[in-house]
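Structure record follows, encoded as structure tokens.
The values are calculated or read from the model by the stated rules, or taken from the named source; none is laboratory data. Fair warning: this is a prediction, and the values are worked out from it, not measured in the lab. Ideal geometry is used to build each Cβ from the backbone, glycine not excepted, and the neighbour counts take in all protein chains shown. The protein model used for the area step is the full one, side chains on, heavy atoms only, and it has no ligands, DNA or RNA in it. Shrake-Rupley method; radii C 1.70, N 1.55, O 1.52, S 1.80 Å.
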Amino acid sequence: MQTTQRILMTTFVAMLAAAALLVLLHETSLMEPGGLAGNEHLEFVTLSVMELVALVSIPLALRLFRFKAIRRQLVEQPARKLLGWGMLRLLMLGVPMLVCVYFYYLFFMEAAFGYLAIILLLSMMFVLPTKGKCEAETTDDSENTENAEYSENAEYSENSDCSDSSENAESSENTPS
């Protein structure tokens with residue numbers, strides 16, 4: 001499990017480093033920005049496609065491990081399946097982020113691409129592959145859910161018993177003898 005977590009963390013850091021490298025290369029003019037500046041039709045189509053990709057990939061990546069089939073695979077074969085599904089989840093957010101950073105400079109600092117890249121970057125923080133998160137995502141939490149529901153029901157019944165007895169005590173005090 002630790003090897004899987006390290007591979008996923010390395011991928012996460014590599015995505016961030018690649019984005020930082022793209023920014024550094026363009027800001028130092030080693031790569032010329034604005035190669036497609038002025039082509040408004042291509043810019044509109046590209047921006048529309050990237051917005052749709054972001055709208056689909058962010059919720060899908062954040063909810064990926066909640067799907068029953070994927071959850072079952074993660075519980076049955078934790079290390080192997082976590083590597084595959086975790087890598088897919090990181091790539092679903094990281095690749096569009098890198099593309100948006102590149103298009104930001106390619107269309108001569110079009111702000112919409114920059115905003116999309118920032119949104120995808122922030123979304124990547126929610127799937128950060130820490131050790132605790134990797135362990136939590138590969139354990140079966142159905143037992144914990146059932147226990148939590150039982151304890152909530154027990155608290156509710158205890159509180160309702162108390163409230164009933166206090167209401168009875170108040171009503172008995174108010175009745176004349």
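For this structure, a couple of remarks:
- Condition check for residue 83: touching a Cys at 6+ places or on another chain (Cβ under 7 Å), open to solvent by less than 60 Å² (accessible area, probe 1.4 Å) and in a helix (DSSP H, G or I): no
- Screening residue 137 on (1) modelled with pLDDT of 90 or more; (2) of a type outside the set (S, T, N, Q); (3) within 19 Å of residue 58 (Cβ to Cβ) shows it passes everything except condition (1).
- Scanning the stretch 54-63 for residues that are open to solvent by 50 Å² or more (accessible area, probe 1.4 Å) and within 24 Å of residue 130 (Cβ to Cβ) gives 59, 60, 62, 63.
- Residue list for the stretch 52-79, filter: touching a residue at least 40 places away in the same chain (Cβ under 8 Å) and either in contact with a Ser or Thr (Cβ under 8 Å, 6 or more places away or on another chain) or of a type in the set (Phe, Trp, Tyr) (or both): 58, 61, 62, 65, 74, 75, 78, 79
- Sole exception among (1) without any contact (Cβ under 8 Å) to a residue 40 or more places away in the chain; (2) open to solvent by less than 50 Å² (accessible area, probe 1.4 Å); (3) farther than 20 Å from residue 134 by Cβ; (4) under 17 Å from the mean Cα position of the chain (by Cα) for residue 116, by number: (1)
- Only residues that are closer than 12 Å to residue 104 by Cβ and either β-branched (Val, Ile, Thr) or modelled with pLDDT of 80 or more (or both) were counted in the stretch 32-49, giving 3.
Okay, residues lined up against (1) loosely packed, with under 14 Cβ neighbours inside 10 Å; (2) under 20 Å from the mean Cα position of the chain (by Cα); (3) within 22 Å of residue 124 (Cβ to Cβ); (4) not charged (D, E, K, R):
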position	(1), (2), (3), (4)
10	yes, yes, yes, yes
28	yes, no, no, yes
45	yes, no, no, yes
52	yes, yes, yes, yes
65	no, yes, yes, yes
68	yes, yes, no, no
74	no, yes, yes, yes
89	no, yes, yes, no
94	no, yes, yes, yes
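- Apart from one condition, residue 26 fits all of (1) over 30 Å from residue 139 (Cβ atoms); (2) out of contact with any Phe, Trp or Tyr (no Cβ under 6 Å at 6 or more places or on another chain); the exception is (2).
- Hits in the stretch 30-43 (condition: assigned to a helix (DSSP H, G or I) and loosely packed, with under 11 Cβ neighbours inside 10 Å): 40, 41
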